[in-house]
Amino acid sequence: MSWYVYILKCNDETLYTGITTDLDRRVKEHNSDNQLGAKYTKARRPVTLSYSEPYDNRSQASQREYQIKKYSRAKKLRLVDNK
């Protein structure tokens, strides 16, 4: 099973970073009214997938997610723009 680190662009132009095994499902969860989306994105819908990176396991994906979450907004935008 592959894991993905992803960055969503929210309706208010903010960025949200997360991990998942299924990008399509996860984006739908963030955009739906069910309880599976993040609290952060609930008030910032719709969200769109802006960036993703595949990883072989959850540990690698989590480490990269942590790294990206520490990035400045400018650095995250450069990452998204260079995809």
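The values are calculated or read from the model by the stated rules, or taken from the named source; none is laboratory data. Here the structure is a predicted model, which is why all the values come from computation and not from measurement. Neighbour counts run over all protein chains shown; Cβ positions are idealised from the backbone, glycine included.
Some notes on this structure:
- The residues of the range 23-47 that are exposed (fewer than 12 other Cβ atoms within 10 Å of the Cβ) and either of a type in the set (A, V, I, L, M, F, W, C) or modelled with pLDDT of 95 or more (or both), listed by number, are Asp24, Arg25, Leu36, Ala43.
- All conditions but one from (1) surrounded by fewer than 18 Cβ atoms within 10 Å (Cβ to Cβ); (2) among the basic types (Lys, Arg); (3) touching a residue at least 24 places away in the same chain (Cβ under 8 Å) apply to Lys9; the one that does not is (1).
- Annotation: of all residues in the range 12-44 being in contact (Cβ under 8 Å) with a residue 24 or more places away in the chain and among the polar types (S, T, N, Q), the one that is farthest from Arg73 (Cα to Cα) is Thr41.
- Restricting attention to the range 17-36, the residues that are in a helix (DSSP H, G or I) and closer than 19 Å to Ala61 by Cβ add up to 7.
- Tabulated pairs, the range 57-83, first at negative phi, second aliphatic (A, V, I, L, M) and part of a helix (DSSP H, G or I), C-beta under 7 angstrom, 6+ apart or interchain: Lys76/Ile68
- Looking across the range 58-83, the residues that are modelled with pLDDT of 95 or more, surrounded by fewer than 11 Cβ atoms within 10 Å (Cβ to Cβ) and not in a helix (DSSP H, G or I) come down to Lys70, Ser72.
- For the condition surrounded by 13 or more Cβ atoms within 10 Å (Cβ to Cβ) and within 11 Å of the chain's Cα centre (by Cα), Thr20 qualifies.
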